[in-house]
Amino acid sequence: MLEILTGSGLAVAAGLNAYIPLLVLGLAGRFLDFVHLPDNWAWLSNPWVLVILGVLLVIEIVADKVPVVDSINDWVQTIVRPVAGGIAFGTGSASGTAVVKDPAAFFTSYAWVPIAIGVLLALATHLTKMASRPVLNAATVGAAAPIVSTAEDFGSVALSFIALLVPALVIVAIGGVVVGFVALFRRRFRTRREVPL
């Protein structure tokens, strides 16, 4: 059960920022004795992979702070974040991937299920984020982009660490993410109703 909570927390974190949970997993697998990545995901702790993830993270952080660029970045990340969520869930839930020699056997072995769950969790988080960003940019003339993006980055970092260190709190943390998105949408629609036409 704790593995599922860990995987879920990491996948939702990937929906906010694709590279943070992967970098946290890779660094934890490399430097912390109590984190053991499954053999099929051990490549995450490779120094070159960590450097590449770090560079991609810097690009993501900068791009996500600039109004309009953040929306373009969200379109690009529509592929990246769900894939990262699948990897993060698969790694966090300690499941391995199988070499696909027979596609029918791959699907009957259910080796794809953890990755699919991670993809769906990250995609749902990403689509919610993607839908809220243009609304916030329009309502604040772009002023909210760096603030909201920074909050999402901190949320992704916090959720990644909570998922690794205290998986039982993942439910509370994911609930916090949901409440945050609901509060943003409610505030936006309340502001829209108060503006006279």
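The values are calculated or read from the model by the stated rules, or taken from the named source; none is laboratory data. It should be emphasised that the depicted structure is a prediction, and the values quoted were computed from it without experimental measurement. Heads up, the Cβs are rebuilt from the backbone with ideal geometry, glycines too, and the neighbour counts pull from every protein chain shown.
Quick notes
- Subset of region 43-85 (residues that are without any contact (Cβ under 8 Å) to a residue 24 or more places away in the chain and in contact with a Gly (Cβ under 9 Å, 6 or more places away or on another chain)): Trp43, Ser45, Asn46, Val49
- Selection count, region 109-151, where residues are without any contact (Cβ under 8 Å) to a residue 24 or more places away in the chain and among the charged types (D, E, K, R): 0
- Selection status of Leu44, in contact with a Ser or Thr (Cβ under 8 Å, 6 or more places away or on another chain) and over 21 Å from Phe181 (Cβ atoms): yes
- Whichever residue in region 17-64 is surrounded by fewer than 20 Cβ atoms within 10 Å (Cβ to Cβ) and among the charged types (D, E, K, R) and, among such residues, is nearest to Arg133 (Cα to Cα): Arg30
- All of Ala116, Ala124, Ala111 fail the test of being small (Gly, Ala, Ser), at pLDDT below 80 and at negative phi, apart from Ala111.
- Scanning region 158-168 for residues that are of a type in the set (Gly, Ala, Ser) and surrounded by fewer than 14 Cβ atoms within 10 Å (Cβ to Cβ) gives a single hit, Ala168.
- Summed over region 115-157, residues that are surrounded by fewer than 18 Cβ atoms within 10 Å (Cβ to Cβ) and not hydroxyl-bearing (Ser, Thr, Tyr) total 17.
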